[in-house]
1. Inspect all residues belonging to the range 383-391 and state whether any of them is crowded, with 20+ Cβ neighbours inside 10 Å and under 15 Å from residue 325 (Cα atoms).
2. Checking the conditions here, which among 379, 396 is exposed (fewer than 11 other Cβ atoms within 10 Å of the Cβ) and either under 26 Å from the mean Cα position of the chain (by Cα) or within 27 Å of residue 244 (Cβ to Cβ) (or both)?
3. Note down all Cβ pairs under 7 Å where the first residue falls in the range 109-135 and is farther than 18 Å from residue 8 by Cβ, the second is in a helix (DSSP H, G or I), and they're at least six residues apart or on different chains.
4. Could you say whether any residue in the range 326-335 is touching a helix residue (DSSP H, G or I) at 6+ places or on another chain (Cβ under 6 Å), modelled with pLDDT under 95 and over 18 Å from residue 254 (Cα atoms)?
5. Determine, yes or no, whether residue 209 is modelled with pLDDT under 95 and not in a helix (DSSP H, G or I).
6. Please tell me if residue 236 is surrounded by fewer than 14 Cβ atoms within 10 Å (Cβ to Cβ), out of contact with any helix residue (DSSP H, G or I) (no Cβ under 9 Å at 6 or more places or on another chain) and touching a residue at least 24 places away in the same chain (Cβ under 8 Å).
7. Provide a single number: the residues in the range 340-353 that are over 16 Å from residue 260 (Cβ atoms) and surrounded by fewer than 23 Cβ atoms within 10 Å (Cβ to Cβ).
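The values are calculated or read from the model by the stated rules, or taken from the named source; none is laboratory data. Computed from a predicted model, the values in this text were never measured in an experiment. Here Cβ is always computed from backbone atoms with ideal geometry, including for glycine, and neighbour counts include all displayed protein chains.
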């Protein structure tokens, strides 16, 4: 079998937005004659676990783990442990201490707090690559320190084939502005990014807009493989809608940057105007929920009693939730970089065969796919005159998405694309 090394921060049993993509690729690569070696931290700063995901790791996948130092431990030592639960979560209300820590995070830890793992990883993997005679490397970020590990290995082994997989932009990510970067820090990010895309054999990303972005930055070989869904996750999936309820569900991180206040206001208005709507409405929110979102909902007389904070759910339970949901809520970051964001949930929502109500920036790639496949409605966060009518259409079940074509986004087909790419370089 051909051998490929995958460098990823996110790996089961830990959860996060980056787990599914490479867990699924590694699951199906052996079917095409490729043996994956996965390199991942032994002790990542991730607090949520989904041990069911361990069962999805193919038996032929060899996982290498190495201890990582992350400065979150110092933050906890000086400031206590409460804040660490919100690592990576941008809160609406930040204290002076939060602002200070945000500045430190953005300007001292470049490209990210995983930077201290770069040199130890290169040293660790140098021997492994030689012993296993590995000829292909894939680094996936964020965190973009994973790409700098790939860069270091490419420098040591110039003949090795290296794919840098960007699940998000780097220097053009709007969220970097929240870290209050100095001009030096911005230039440092850009310089490191340029080194990666200049030396990688392939710059891989997940959407058309982000592909265009990397081409503008100077990438000579940018390719797209979107995220997707695993049809095996839906083998026993049966839609079971309670027609006495109108359930709107969101599954994943919901922070203040994606808080759809116009939606909440419109749902509250419909509760006031329509008794039947009021009696049937239920909002189900699973995952990390920013306090600012809860505060907003709690101020609305009707909605405060009609939403359920489900907390963290394992992936299997989330798919079971889809089957009981009337409408799946999809929230894309309202930013320029958000225009190229295909959230991983989008493709699972498509596989769930439930209508999608999405919010995000105008002219985004997500908007295009929702409209082209007639799988739901898309609105900007500012709202528009169609929002009320679209909600009522969903309430009266006027949108049938059961026959939408989704085969192109099956993880098995996407893995075939990856195999074709590996064989071509």
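1. yes
2. Values: 379 fails: exposed (fewer than 11 other Cβ atoms within 10 Å of the Cβ).
Criteria check complete, one pass: 396.
3. 109/115; 110/185; 110/188; 110/189; 126/156
4. no
5. Details: modelled with pLDDT under 95: yes; not in a helix (DSSP H, G or I): no.
Against the criterion (modelled with pLDDT under 95 and not in a helix (DSSP H, G or I)), residue 209 does not qualify.
6. Numbers: surrounded by fewer than 14 Cβ atoms within 10 Å (Cβ to Cβ): yes; out of contact with any helix residue (DSSP H, G or I) (no Cβ under 9 Å at 6 or more places or on another chain): yes; touching a residue at least 24 places away in the same chain (Cβ under 8 Å): no.
For residue 236, the condition - surrounded by fewer than 14 Cβ atoms within 10 Å (Cβ to Cβ), out of contact with any helix residue (DSSP H, G or I) (no Cβ under 9 Å at 6 or more places or on another chain) and touching a residue at least 24 places away in the same chain (Cβ under 8 Å) - is not met.
7. 3
Matching residues to (1) within 21 Å of residue 394 (Cα to Cα); (2) without any contact (Cβ under 8 Å) to a residue 12 or more places away in the chain; (3) touching a strand residue (DSSP E or B) at 6+ places or on another chain (Cβ under 7 Å); (4) in a loop (DSSP other than H, G, I, E, B):
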{"residue": "301", "(1), (2), (3), (4)": "no, no, no, yes"}
{"residue": "308", "(1), (2), (3), (4)": "yes, no, yes, no"}
{"residue": "313", "(1), (2), (3), (4)": "no, no, yes, yes"}
{"residue": "321", "(1), (2), (3), (4)": "yes, no, yes, no"}
{"residue": "325", "(1), (2), (3), (4)": "yes, no, yes, yes"}
{"residue": "329", "(1), (2), (3), (4)": "yes, no, yes, no"}
{"residue": "335", "(1), (2), (3), (4)": "no, no, no, yes"}
